[in-house]
């Protein structure tokens, strides 16, 4: 097992300015002080800092990212959608109450997608973990729809780049607290890409996110069986997540036989995230990452791409990233958790997993 991970970064990811308002909503004239949008640069600056300054620093090799090309984007997104994003770059546009691009912000979106492809190319060459430390996130972006802070679907663009490079079967595992609806939508009819989403059971949230994230959304046509949703109760915690990964994700991955594993590394399932209610600790993310690394080494010849998604507590998300990074290296977390205090709910965890197993079997998932 390699003790080295490649991390890719591009300064332009900081140029995507989401401004201030009522958390993620537009500003209010009822308030004297607006708050910074949760998907803003400080969260990623802190993530970069902790990887440079924490115990894991000696195991990381840093590389420059790049912008995505139009051809790379068009493998997943539509031409009309790309033109709409390019037009929005001129004066800025709010695509929904939560999702906006400022004038000149396109360079940040291109850097996020292109840096994800650069990290992909590295793991294909070196067959060891490679991370794209990027923003904005991407997993809510469908081929022709912006949603949930997301414009270009970074993991999906990377998956299509991998297939263009000769990788036939790609698995994407998304443990962001929210359902990866855009990724699901883009590959819903494609049997060559397995999409797995572990998320808080929040359901659909409007025209930009009509997908429910339910267990019955299994794929369509030739893609039936290549989408696995694992909706988990609020407050599930570390043990429930690890049991769900062991009992549902790993069997699905093994049956699919991917040549590449991509992790959509959302950290907003943490116990102190303003956008999540799942109560994961640093150790919970570390354990998930260790399991992902073990699978990639055992089944994908070490090809493991990690792409940053959510994580909106600008301090604690950085600590969770450090713990996950050590997990992707096959190590236990050695950085003390400054905030964790949640107990382990073993009995409830087992009950939650059994209920999910029953629901999956009812819709035809034989795991």
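The values are calculated or read from the model by the stated rules, or taken from the named source; none is laboratory data. Note that the structure is predicted; figures quoted are calculated from it, not measured. Glycine also receives a Cβ, built like all others from the backbone with ideal geometry; neighbour counts cover every protein chain displayed.
Among the residues of segment 50-77, the ones that are in contact (Cβ under 8 Å) with a residue 40 or more places away in the chain, part of a helix (DSSP H, G or I) and over 20 Å from the mean Cα position of the chain (by Cα) come to 3 in all.
Residue-by-condition table, conditions (1) under 16 Å from residue 132 (Cβ atoms); (2) at pLDDT 95 or above:
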| residue | (1), (2) |
| --- | --- |
| 285 | no, yes |
| 298 | no, yes |
| 304 | yes, yes |
| 309 | yes, yes |
| 315 | no, yes |
| 321 | yes, yes |
| 327 | no, yes |
| 335 | no, yes |
| 341 | no, no |
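On the stretch given as segment 287-303, residues that are crowded, with 24+ Cβ neighbours inside 10 Å, outside any loop (DSSP other than H, G, I, E, B) and in contact with a helix residue (DSSP H, G or I) (Cβ under 8 Å, 6 or more places away or on another chain) total 4. Among the residues of segment 163-187, those that are farther than 24 Å from residue 106 by Cβ and either without any contact (Cβ under 8 Å) to a residue 60 or more places away in the chain or not in a loop (DSSP other than H, G, I, E, B) (or both) comprise 163, 165, 166, 170, 171, 172, 173, 174, 179, 184, 187. For segment 129-147, the candidate set comprises residues that are farther than 20 Å from residue 4 by Cβ and over 15 Å from the mean Cα position of the chain (by Cα); within that set, the residue that is surrounded by the most Cβ atoms within 10 Å (Cβ to Cβ) is 146.
When 189, 218 are screened for being touching a strand residue (DSSP E or B) at 6+ places or on another chain (Cβ under 6 Å), over 16 Å from residue 262 (Cα atoms), at pLDDT 95 or above and surrounded by fewer than 24 Cβ atoms within 10 Å (Cβ to Cβ), only 218 passes. On the stretch given as segment 6-26, residues that are under 13 Å from residue 102 (Cβ atoms), in a strand (DSSP E or B) and within 19 Å of the chain's Cα centre (by Cα) total 0. Only one of the numbered conditions (1) within 28 Å of residue 161 (Cβ to Cβ); (2) touching a helix residue (DSSP H, G or I) at 6+ places or on another chain (Cβ under 6 Å) is violated by residue 102, and that is (2).
If the condition is being within 26 Å of residue 2 (Cβ to Cβ) and assigned to a strand (DSSP E or B), then segment 87-123 contributes no residue at all.
Every listed requirement among (1) out of contact with any helix residue (DSSP H, G or I) (no Cβ under 9 Å at 6 or more places or on another chain); (2) more than 22 Å from residue 176 (Cβ to Cβ) is met by residue 359 save one, (2). If the condition is being surrounded by 18 or more Cβ atoms within 10 Å (Cβ to Cβ) and over 19 Å from the mean Cα position of the chain (by Cα), then segment 103-121 contributes 105, 106. Out of 238, 201, 174, one residue alone is touching a strand residue (DSSP E or B) at 6+ places or on another chain (Cβ under 7 Å) and surrounded by fewer than 21 Cβ atoms within 10 Å (Cβ to Cβ). It is 201. For segment 5-42, a residue qualifies if it is under 27 Å from residue 303 (Cα atoms) and crowded, with 17+ Cβ neighbours inside 10 Å, and the qualifying residues are 5, 6, 7, 8, 9, 10, 12, 13. The single condition from (1) surrounded by fewer than 16 Cβ atoms within 10 Å (Cβ to Cβ); (2) in contact with a strand residue (DSSP E or B) (Cβ under 8 Å, 6 or more places away or on another chain); (3) at pLDDT 95 or above that residue 88 fails is (1). Applying a threshold of 6 Å to beta carbon distances and a minimum spacing of six or more residues, or different chains, the list of pairs starting in segment 9-20 at a residue that is over 18 Å from residue 118 (Cβ atoms) and ending at one that is in a strand (DSSP E or B) reads 20/36.
Among the conditions (1) without any contact (Cβ under 8 Å) to a residue 40 or more places away in the chain; (2) in contact with a strand residue (DSSP E or B) (Cβ under 9 Å, 6 or more places away or on another chain); (3) part of a helix (DSSP H, G or I), the only one that residue 31 does not satisfy is (3). Within segment 304-323, is even one residue within 20 Å of residue 51 (Cα to Cα), touching a helix residue (DSSP H, G or I) at 6+ places or on another chain (Cβ under 7 Å) and surrounded by fewer than 19 Cβ atoms within 10 Å (Cβ to Cβ)? Yes, because at least one residue in segment 304-323 is within 20 Å of residue 51 (Cα to Cα), touching a helix residue (DSSP H, G or I) at 6+ places or on another chain (Cβ under 7 Å) and surrounded by fewer than 19 Cβ atoms within 10 Å (Cβ to Cβ).
Name the single residue that is surrounded by the fewest Cβ atoms within 10 Å (Cβ to Cβ) among those in segment 269-285 being part of a helix (DSSP H, G or I) and more than 15 Å from the chain's Cα centre (by Cα). Break it down into steps so the answer makes sense when it comes.
Of segment 269-285, the ones part of a helix (DSSP H, G or I) are 282-285.
Now drop any that are not more than 15 Å from the chain's Cα centre (by Cα), which leaves 282-284.
Numbers: 282: 27, 283: 18, 284: 30.
Only one residue tops the list, namely 283.
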